[in-house]
Structure formats: structure tokens, C-alpha cells
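A.B. asks: My questions all concern the structure below.
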Amino acid sequence: SSLGRVDVDHVITRKMQLIAEAEQLKPAFMKEVDSHFTEFVNSLVAKSALLDSSSSASLFPASCSEKELHKAKTLRAPPEHGKIFTARRSLLDELFEVSHIRTIYHMFIALLIVFILSTLLVDFIDEGRLVLGFDLLVFVFGKFPVVFCTWLCMFCATVIVPYNLFVWWAQGYCSSSHRVIRSLFYGMLFTKFQTAGLGFGPTYIAVSYALPPASRFIVILEQVRLVMKAHSFVRENVPRVLSSVKDKSSTVPIPRISQYLYFLFAPTLIYRDNYPRNPMIRWGYVATKFAQVLGSLFYAYYIFVRLCIPQFRNSSQETFNLRGLVLCIFNSILPGVLILFLVFFAFLHCWLNAFAEMLRFADRMFYKDWWNSTSYANYYRTWNVVVHDWLYYYAYRDFLWFFGKKFKAAAMLSVFTVSAAVHEYVLSVCFGYFYPVLFCLFMCFGMVFNFILNDRRKGPIWNVIMWTSLFLGQGVIICLYSQEWYARQYCPMENPVFLDYLKPRSWSCHMKM
């Protein structure tokens, strides 16, 4: 200071020096924090291993020979414990507290506003008035009473049949003199319900009533969800009954019907008698999530109206050529990626979090940071944790339990096949035709990328490769399925046979026209 006045230039220079020094210290500080965190996690793993070894020592006393200990370690124990539920928030809820991430969310809202304005202006220029109808939404969600009645029948059947079959089997299993025959009988009844009751029934209604696409999606996705829930309930509780009989327990562990009902609504596919619960319901949070689901629905509507329908409406009338196909795929990347983001945000984040909040379900890890994946193996694990957990515990681990740990590649292939078949089944029923584009992408490119882009691949370049292939895949899906949809509208069959539903119509429609 000079005569009571502050040298402003000197203060600013000093402030800039402090900021520069802080920026230089930041990497070292983060590296130090990371190393301490790594040491902490390693110590936890070491303590866990120590606990496992101490429990093994208590199970196998010192009098056992080394040969017996080795034999006991090589025995294949059935999968137990499984997924551990704990109270945690969804990742996007945490990220949206950062202003930079929240700005990306605001950019998507701004893009929606642009779509709405462009649609209104184009309609005003063409029609001379504002067209506020939503004919596409009314069409795809049509015949809602049939959808609701079908869902109600599916849900009531899932509440009554699997629970009562399990209770009847469990109550008489201990005193039965023919336990194997009894188990096979009730197992066949449960399998018949899964395949005929939940499997064939809803599919028949969706096809025979000619439900529109979105209505079919609701029925078929609920069908798949209830099948997976019923399997988890039986799969988790049967071993408990067998264990209680083996231990000669006086009580049979049968869950209460209220616990089963809670599980049917809970946003998880892994059954537990109890889950971590939050102390209260934030109804404002629930309303926000449902509003975001509704906003995402209108977002998808404007994407189809502005980016998809104008492109594909006349594509089936044009002569098929390689140049047109390539242009179609690359023009479909933008709407395909936007639909991918909307499905993730609307369902995996908003819808599941809304139901979790209403049920006070505290474990909100429905997905992980799949956008940071440098391998497809990690992407498959983190994109949809809810479904991945079911496939991991009831398909992958049970396969290894039955056939041994040497068949890990076969177990992974079986999981990929089941997942690809179910995805293709959902699309085939909902669109009304069989066009196995998604199945081929799953089984061919998905399997190849899963082994090539594995967990050993690190670094930003692999994340770029993952995103590039994901973009191209979305473009292929949107392009080919849309072309097939319009080809079947322009070139219908008068008396179609079963094979006509399996042949791609888009390959020959332009010839007929």
C-alpha cells in the first residue's frame, strides 16, 4: 500500500500466482488421495480374505489332513449370498449436483424446445395454423383398456400361482417320502405357468388384438419382467427350504405374501425378504421423475416426427442400392443415439427412481458410469445393472455351478444367447415381424467386441472406439427396422403364411412397386 491505497496490480498478480500454484498442486494432491484410497481398499480386501481364511479354519479343524482340506476347497458349493443391497443414490442424481453436468441436461432441454418450435413453424407454414395434435402418440399407445386388463391378469396370476406353488411344495417337502417326485411335480407346474401362462398368453393377446407398437411393448416388457421376478423368488427361496430340512429345523422359511408383493413392485429382479429402506418418501422427487418421463416421451415423439418419419416414409419406394443404405445408416445415427439416451434417462433413471422413492427402496444403483466404458465387457455390466444382476446370478453363475468353472466361455456365450433371443423376441412381437438385426448385432459384433474390447483395454482411445461402434450400431438398428416397418405398410400380403412374417419385406418391396 502507498498512502493508504492498495496496489491493485500487485494484488491481482499475487492472486494469479496463488491460482497457478494451486493448479500445480492439484494433480499431486489427487494422486496422493488416489494412492491412499487404493491402500484403504487393499486393506479391506486383505481383511476380508483374512476373515474368509479364519472361517475356513473354523470349518476345517487342524486335525484334517492337507489332502482333505484340498478336497474340501475343490468342492463346488451352490451360489449363495449373491447381490448385497445397500443404501446408495443413483449416479445421475449425484452428477446433477455439479453445475457443469447440469448444463448438459439443460442443453438437451434446449434441443427439445428447438424440435417443438421447428415442428410448430413447419406445420403453421404448411397448414396456415398451429397443429397441436399428437396423432402418432395416440396411435402407438392405442387400445389401452386391453393393455390394462392384460397387465392386471398377468400381475394377479404372478401373485397367486408362483407363491402358492412354492408354499404348497415347502410345507409338505419335509414330511414327504418322495421328495424328488414332489419337487419335479411342482417344478413342472411352475415351468408350465411360466411358459404357457405368462409366456404364451400375453403374446397371443398382443398379436390377436393387433395392439399398436407401444402398447405391445408395455405388455411384452411386463411379461418378461414378471417371468424374471417369479424365477428369482423361487430360485432364492428353494435353497433355504432345502437347507432348513437338511439342518432338521423345526420351522420352514416361507416368506410372507407382503414381502413377495413388495418385491413384485420393487425396482430389482433379485428377491430378498427385506431391502434397505429410506425413512420417508419425497413426493416432490416422485413428481419430478414422472414429469421427466413424460417429457422424454414427447422428446421421442418429436425425434420421430422431425428426424425419422420424413426420412423413411419414402425410402421403401426407392430402388435399393448400397449408397442409399449407407446414407440411411449415417442419417439414422443422430435419432438413434438420442433415442438411446432417452431410453436410458426415462426408464433406468427416472422411472425406476420414481418407484424406488414411492417404495422407500434405498438401493438406487440401477446403472453405473457406462459412458466411461473402455470395453464392451464393462459396458454390458454397467448399462443396465438391474438386468445384468439377474443374468449374472441366475444364468452365468448357475451355469458354472452346474457344469464347473472350466466352462466360463460357454457360460458367457449362453448368457449372450439368452439376452439376444429375449431382445429379438420383444422387438419381433412389438413390431409384428421377424427381422433379426438386433440378434445378429448381439451375437456377432457384440460377442467379438466383448472379447476384443475387454477389460484389459484402458485409455481414452478405447472409449472413443466404444462410442463410435455404439453410434454405428444405433444407426443400423433405426435404419433397418424403420425400412422394414414402412415396407410392410406399402407392400402388404393378402393372405400371409408363417414364412411371410420371417422374410424381410424391405428387400423386395421396391421391386413390386
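A.B. asks: Out of Y299, Y271, I need the residue that is touching a helix residue (DSSP H, G or I) at 6+ places or on another chain (Cβ under 7 Å), crowded, with 19+ Cβ neighbours inside 10 Å and at pLDDT below 90. Which one?
C.D. replies: Numbers: Y271 fails: at pLDDT below 90.
Every option except Y299 fails the conditions.
A.B. asks: For the range 219-241, which positions are in contact (Cβ under 8 Å) with a residue 40 or more places away in the chain and open to solvent by 20 Å² or more (accessible area, probe 1.4 Å)? I'd like the intermediate steps shown before the answer.
C.D. replies: Filtering the range 219-241 for residues in contact (Cβ under 8 Å) with a residue 40 or more places away in the chain gives 219-226, 228-239, 241.
Those that are in contact (Cβ under 8 Å) with a residue 40 or more places away in the chain and open to solvent by 20 Å² or more (accessible area, probe 1.4 Å): L221, E222, V224, R225, M228, H231, V234, R235, E236, V238, P239.
A.B. asks: If you don't mind, there's one more thing I want to ask. In the range 202-213, how many residues are in a helix (DSSP H, G or I), of a type outside the set (V, I, T) and open to solvent by 50 Å² or more (accessible area, probe 1.4 Å)? Let's see the steps before the verdict.
C.D. replies: The first filter runs over the range 202-213 and keeps only residues in a helix (DSSP H, G or I), leaving 202-208, 213.
From what is left, the residues that are of a type outside the set (V, I, T) are 202, 204, 206, 208, 213.
If we keep only those that are open to solvent by 50 Å² or more (accessible area, probe 1.4 Å) as well, we get 204, 208.
Counting residues in the range 202-213 that are in a helix (DSSP H, G or I), of a type outside the set (V, I, T) and open to solvent by 50 Å² or more (accessible area, probe 1.4 Å) gives 2.
A.B. asks: Also, I was wondering about something else. I'd like to check something: does the range 447-456 contain any residue that is in contact with a Ser or Thr (Cβ under 7 Å, 6 or more places away or on another chain) and basic (K, R)?
C.D. replies: Keep residues of the range 447-456 that are in contact with a Ser or Thr (Cβ under 7 Å, 6 or more places away or on another chain), which gives 449, 453-455.
Cutting the leftovers down to basic (K, R) gives us none.
No, that holds for no residue.
A.B. asks: Out of the residues in the range 89-113 meeting the condition of being aliphatic (A, V, I, L, M) and farther than 19 Å from N372 by Cβ, tell me which one is most open to solvent (accessible area, probe 1.4 Å).
C.D. replies: Going residue by residue through the range 89-113, those that are aliphatic (A, V, I, L, M) are 91-92, 95, 98, 101, 104, 107, 109-113.
This time we only want the ones that are farther than 19 Å from N372 by Cβ, so: 107, 109-113.
On the way: M107: 119, I109: 70, A110: 49, L111: 64, L112: 31, I113: 89 Å².
Here the answer is M107.
A.B. asks: Can you confirm whether N384 is under 16 Å from R89 (Cα atoms) and either touching a residue at least 40 places away in the same chain (Cβ under 8 Å) or open to solvent by 20 Å² or more (accessible area, probe 1.4 Å) (or both)? Walk me through how you get there before you give the answer.
C.D. replies: Values: under 16 Å from R89 (Cα atoms): yes; either touching a residue at least 40 places away in the same chain (Cβ under 8 Å) or open to solvent by 20 Å² or more (accessible area, probe 1.4 Å) (or both): yes.
Against the criterion (under 16 Å from R89 (Cα atoms) and either touching a residue at least 40 places away in the same chain (Cβ under 8 Å) or open to solvent by 20 Å² or more (accessible area, probe 1.4 Å) (or both)), N384 qualifies.
A.B. asks: When residues of the range 175-201 are filtered for being in a helix (DSSP H, G or I) and open to solvent by 60 Å² or more (accessible area, probe 1.4 Å), how many remain?
C.D. replies: Within the range 175-201, the subset in a helix (DSSP H, G or I) is 179-201.
Narrowing the set further to residues that are open to solvent by 60 Å² or more (accessible area, probe 1.4 Å) leaves 179-181, 184-185, 188-189, 191-192, 195, 200.
Residues in the range 175-201 being in a helix (DSSP H, G or I) and open to solvent by 60 Å² or more (accessible area, probe 1.4 Å): 11 in total.
A.B. asks: If the Cβ limit is 9 Å and pairs must be 6+ apart or interchain, which residue in the range 322-343 that is without any contact (Cβ under 8 Å) to a residue 60 or more places away in the chain pairs with which residue that is surrounded by fewer than 15 Cβ atoms within 10 Å (Cβ to Cβ) and charged (D, E, K, R)?
C.D. replies: Listed by first residue and then by second, the contacts come to G324/E318.
A.B. asks: Here's something else I'd like to know. Any chance you could count how many residues in the range 456-487 are outside any helix (DSSP H, G or I) and open to solvent by 70 Å² or more (accessible area, probe 1.4 Å)? Don't jump to the end; show me each part of the working.
C.D. replies: Narrowing the range 456-487 to residues outside any helix (DSSP H, G or I): 456-459.
Retained after the next criterion (residues that are open to solvent by 70 Å² or more (accessible area, probe 1.4 Å)): 456-458.
Of the residues in the range 456-487, 3 are outside any helix (DSSP H, G or I) and open to solvent by 70 Å² or more (accessible area, probe 1.4 Å).
A.B. asks: Which pairs have Cβ atoms under 6 Å, sit 6 or more apart or on different chains, and link a residue in the range 161-190 that is free of Cβ contacts under 8 Å to residues at least 60 places away in the same chain and under 13 Å from V238 (Cβ atoms) to one that is open to solvent by less than 50 Å² (accessible area, probe 1.4 Å) and assigned to a loop (DSSP other than H, G, I, E, B)?
C.D. replies: Final answer for the pair search is R182/S176.
A.B. asks: Could you tell me whether R216 is at pLDDT below 90 and surrounded by 14 or more Cβ atoms within 10 Å (Cβ to Cβ)?
C.D. replies: Details: at pLDDT below 90: no; surrounded by 14 or more Cβ atoms within 10 Å (Cβ to Cβ): yes.
It is false that R216 is at pLDDT below 90 and surrounded by 14 or more Cβ atoms within 10 Å (Cβ to Cβ).
A.B. asks: Related question: Only one of (1) buried (at least 18 other Cβ atoms within 10 Å of the Cβ); (2) under 12 Å from the mean Cα position of the chain (by Cα) fails for E357. Which number is that?
C.D. replies: (2)
The values are calculated or read from the model by the stated rules, or taken from the named source; none is laboratory data. Keep in mind it's a predicted model, so treat the numbers as computed, not measured. Cβ atoms come from the backbone with ideal geometry, glycine included; neighbour counts cover every protein chain shown. Ligands, DNA and RNA are excluded from the accessible area calculation, which covers all protein heavy atoms including side chains. Shrake-Rupley method; radii C 1.70, N 1.55, O 1.52, S 1.80 Å.
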